[in-house]
Amino acid sequence: MVGNKTFANVMMLKKLLVFTLIMFAFGFALVPFYEKFCEVTGINNLLQPDVQAKEIRVDENRWITVEFDANSRGLPWQFKPLQNNARIHPGEPVNVIYEITNNSDREINAQAIPSYSPRFLDKYLKKFECFCFTKQVLKPNETRQMPVQFVIEPGLPEDIHTVTISYTFFELPDGTAAAVKR
């Protein structure tokens, strides 16, 4: 009787070991499927900025002035772009640095919400990297520089010569993050 239980336990252990190895291999096999799914659906597009920027044609016959604005609502933060504007060609990748300082003696969680002028600019603005995608936590008196990388597609109507990209930081309760349109 003891021999049968031991044999049954050894067989069960072998089956579980084989099952574990199969599941481990299955997990690795899912990676290429996941990457292909993300590529097809566009879910993973923020992780490949260089590829996307190269796919957009630069219109060197037009110039657009992009003005940068920064605000904070009810926060003891100093928030500003390191450059106030940029003159670009549509389709040209742009990298802008914003600087933020927490002037308080407490740690603060906040998130930036973007707004654009003209309002329909979001149809032509493709951001590859932005601090507005995630919650920002600044320690007391901490200063941080944060990049924004984007491109304005050449399909922007030709009568538009100046656009504004604005970010406003709002404080968040601990553990929350705002939903941001990318």
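The values are calculated or read from the model by the stated rules, or taken from the named source; none is laboratory data. These numbers were taken from a predicted model, which means no experiment stands behind them. Positions of Cβ are backbone-derived with ideal geometry, glycine not excepted, and every protein chain shown enters the neighbour counts.
What the table shows:
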item	result
Flag for T134 being under 16 Å from G74 (Cβ atoms), of a type outside the set (D, E) and under 20 Å from the mean Cα position of the chain (by Cα)	no
Some residue of segment 145-153 being within 18 Å of S72 (Cβ to Cβ), modelled with pLDDT of 90 or more and surrounded by 14 or more Cβ atoms within 10 Å (Cβ to Cβ)	yes
Lone unmet requirement of (1) of a type in the set (F, W, Y); (2) closer than 19 Å to N141 by Cα; (3) modelled with pLDDT under 90 for F28	(2)
Flag for L138 being surrounded by 12 or more Cβ atoms within 10 Å (Cβ to Cβ) and under 19 Å from D69 (Cβ atoms)	no
Subset of segment 39-72 (residues that are of a type in the set (D, E), outside any loop (DSSP other than H, G, I, E, B) and either under 19 Å from L156 (Cβ atoms) or modelled with pLDDT of 90 or more (or both))	E55, E67, D69
Segment 107-121, residues that are part of a strand (DSSP E or B) and over 30 Å from E60 (Cβ atoms)	I108, N109, A110, Q111, A112, I113
Pairs where the first residue, in segment 157-182, is assigned by TED's automatic domain parsing to the domain that holds G74 and modelled with pLDDT of 90 or more and the second is surrounded by fewer than 10 Cβ atoms within 10 Å (Cβ to Cβ) and of a type in the set (A, V, I, L, M), C-beta under 7 Å, 6+ apart	none
Of the criteria (1) assigned to a strand (DSSP E or B); (2) under 22 Å from the mean Cα position of the chain (by Cα); (3) loosely packed, with under 15 Cβ neighbours inside 10 Å, which one Q83 fails	(1)
Total residues in segment 122-166, condition touching a strand residue (DSSP E or B) at 6+ places or on another chain (Cβ under 9 Å) and either assigned to a loop (DSSP other than H, G, I, E, B) or of a type in the set (A, V, I, L, M, F, W, C) (or both)	26
Single unsatisfied condition, D105 versus (1) of a type in the set (D, E); (2) surrounded by fewer than 12 Cβ atoms within 10 Å (Cβ to Cβ); (3) under 18 Å from the mean Cα position of the chain (by Cα)	(3)
Breaking point among (1) touching a strand residue (DSSP E or B) at 6+ places or on another chain (Cβ under 7 Å); (2) without any contact (Cβ under 8 Å) to a residue 12 or more places away in the chain, for R119	(1)
